[in-house]
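The values are calculated or read from the model by the stated rules, or taken from the named source; none is laboratory data. Every value quoted in this text rests on a predicted model; they were computed, and no experiment measured them. Here the Cβ is made from the backbone with ideal geometry for all residues, glycine too, and neighbour counts use every protein chain on show. The accessibility values were calculated without ligands, DNA or RNA, using every heavy atom of the protein model including side chains. Shrake-Rupley method; radii C 1.70, N 1.55, O 1.52, S 1.80 Å.
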Amino acid sequence: MSSEIRDIALAPSGHHKIEWVKRNMPLLNSLERDFSAEKPFAGMRVALSIHLEAKTAYLCKVLAAGGAEMYVTGSNPLSTQDDVAAALVEDGLEVHAWYGATTEEYESHIAHVLEHDCQIIIDDGGDLVHMLHTRFPDKIAHVIGGCEETTTGILRLRAMERAGELRFPMVMVNDADCKHLFDNRYGTGQSVWDGINRTTNLIVAGKQVVVAGYGWCGKGTAMRAKGLGARVIVTEVDPVRAIEAVMDGFDVMPMREAAKVGDFFVTVTGCAGVIDEEDFAVMKDGAILCNAGHFDVEVDVARLREIALESCEMRNNIMGYRLPGDRWVYVLGEGRLVNLACGDGHPAEIMDMSFAIQALSARYLAEHRGQISEKLIKVPAEVDREVASRKLAFLGKSIDVLTEEQERYLNSSAL
């Protein structure tokens, strides 16, 4: 099947975007050179579903340089950039994706990617793996393994594993130190506020920001809000994380209380119904709601539409809903990932590390074909260390090395 994209004539703009991120992703540059020489994916087909913008496109090109036959789709209907998709097609990759896809179109694009008997699956959020197991179980025999990019995707994989449903190995890319410590914290922290600021053009300083969830993404979001001058409230269900938020200088309270005072709300939990009808009922006029978790279920936008007395688009990517008491609340990017639906996603330098982990994890699967018995596997420590070492070198930094005497001391039982 040929590619399904919006308009191949958009390719020149996409090439410019990819070239820009390439200039700022030295790790992937180095892997592209290595893979071009080594061809670790020669004769292999790779299915990839990640937010289809320039940084993802460059990852696709790096894998293709390693010999992979690439079949590409997006992982969110509002994060696909049509010019980038066109550029990949012009470069010879098969792509099924366009911006603003309906649910039916989005699922159809994933299905077309999965029709190609791919050996490696690279997923972001779990839609690719889920459809493979539910609609294409006959294709699983071809799969040697896959890689999952996100916290949400790993939650879905763990549920599948507990139920005995996961039928091939998946590398938990999100859990690698060089992914979640940097991508989730610094990448999300910056790109969430990039998306909010460019969409609303409102000041953050002096406002009350409510961050739902204090995992690594929530930590980054709260940290950047504080840096912009906001007063930050954190809501949590985990008492340990709640104490951490208090120690980090943030207020902590239930969402029902935070809903009464918040100006900006950012959900970063991976759970559904985090902000619901009871919360909408107590929000003040002008509250702005957005989501930085993977799926559009954290803010119950469907129920908000039902109870609203009136709704209208106030500005591109801002939908307003009038509630009783003549209060308006606003939702950014339809409640989808605000950093991608309303922005360009994480900075290139951050995704350089995350996608290096992806590329090296895929190479690990190719090199260990048929040798992996467990279904959920950690990113090998040597991959994490290789990425960190290369990144430090590109930053012009060096670190100390243990002497032989220090090694003996640390490995001795008689400290």
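Quick look at the values:
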{"quantity": "Rounded, prolate or oblate (a/c below 1.5 giving rounded, otherwise prolate when a/b exceeds b/c) for the range 96-164 by Cα gyration tensor", "calculated": "oblate"}
{"quantity": "Charge sum, other residues only, whose C-beta stays under 10 Å from ASP263's C-beta, Lys/Arg counted +1 and Asp/Glu -1", "calculated": "+3"}
{"quantity": "Those aspartates and glutamates that a straight Cα-Cα span of less than 16 Å connects to LYS284, excepting residues fewer than 8 apart in one chain", "calculated": "GLU257, ASP263, ASP276, ASP326"}
{"quantity": "Sum of side-chain charges, LEU114 neighbourhood, beta-carbon under 13 Å (Lys, Arg +1; Asp, Glu -1)", "calculated": "-4"}
{"quantity": "The chain, accessible area per residue, ligands and nucleic acids excluded (1.4 Å, Å²)", "calculated": "43"}
{"quantity": "Among VAL274, LEU304, ALA259 the positive-end extreme of the charge dipole of the range 192-338 (Cβ point charges)", "calculated": "ALA259"}
{"quantity": "Solvent-accessible ranking of SER79, SER311, largest area first, probe 1.4 Å", "calculated": "SER311, SER79"}
{"quantity": "Percentage relative contact order, the range 61-127, counting C-alpha pairs under 8 Å, at least six apart", "calculated": "34"}
{"quantity": "Centroid-to-centroid separation of the range 384-415 and the range 111-162 [C-alpha atoms, Å]", "calculated": "36"}
{"quantity": "The chain - percent of accessible surface contributed by carbon and sulfur, probe 1.4 Å", "calculated": "51"}
{"quantity": "Relative contact order of the chain, pairs being alpha-carbon contacts under 8 Å that are 6 or more residues apart, as %", "calculated": "16"}
{"quantity": "All-pairs alpha carbon distance profile, the range 208-259, 10 Å steps from 0, percent", "calculated": "30, 62, 8"}
{"quantity": "The chain: calculated mean residue ellipticity at 222 nm from DSSP helix runs of at least 4, using -39500 (n - 2.57)", "calculated": "-12500 deg cm²/dmol"}
{"quantity": "Exceeding the 22 Å Cα-Cα cut-off - candidates LYS61/LYS139; LYS179/LYS397; LYS55/LYS219; LYS226/LYS378", "calculated": "LYS61/LYS139; LYS55/LYS219; LYS226/LYS378"}
{"quantity": "Relative contact order %, the range 176-265, counting alpha carbon pairs below 8 Å whose residues are six or more apart", "calculated": "30"}
{"quantity": "Label-point separation in nm, GLU19 to GLU407, each point 7 Å along Cα→Cβ", "calculated": "4.7"}
{"quantity": "The range 269-415: radius of gyration and largest Cα-Cα distance (Dmax), Å", "calculated": "24.4, 73"}
{"quantity": "Around ARG322: net Lys/Arg minus Asp/Glu count, Cβ-Cβ under 11 Å", "calculated": "-2"}
{"quantity": "Under the Debye formula (equal points on every Cα, no solvent term), log10 I(q)/I(0) of the range 1-75 at q = 0.13, 0.20 Å⁻¹", "calculated": "-0.40, -0.94"}
{"quantity": "Hydrodynamic radius of the range 1-128 per Kirkwood, over alpha carbon pairs, in Å", "calculated": "14.3"}
{"quantity": "Gyration tensor (alpha-carbon) shape descriptor, the range 45-186, a/c threshold 1.5", "calculated": "rounded"}
{"quantity": "Three-way shape label, the range 180-308, alpha-carbon gyration tensor, a/c 1.5", "calculated": "rounded"}
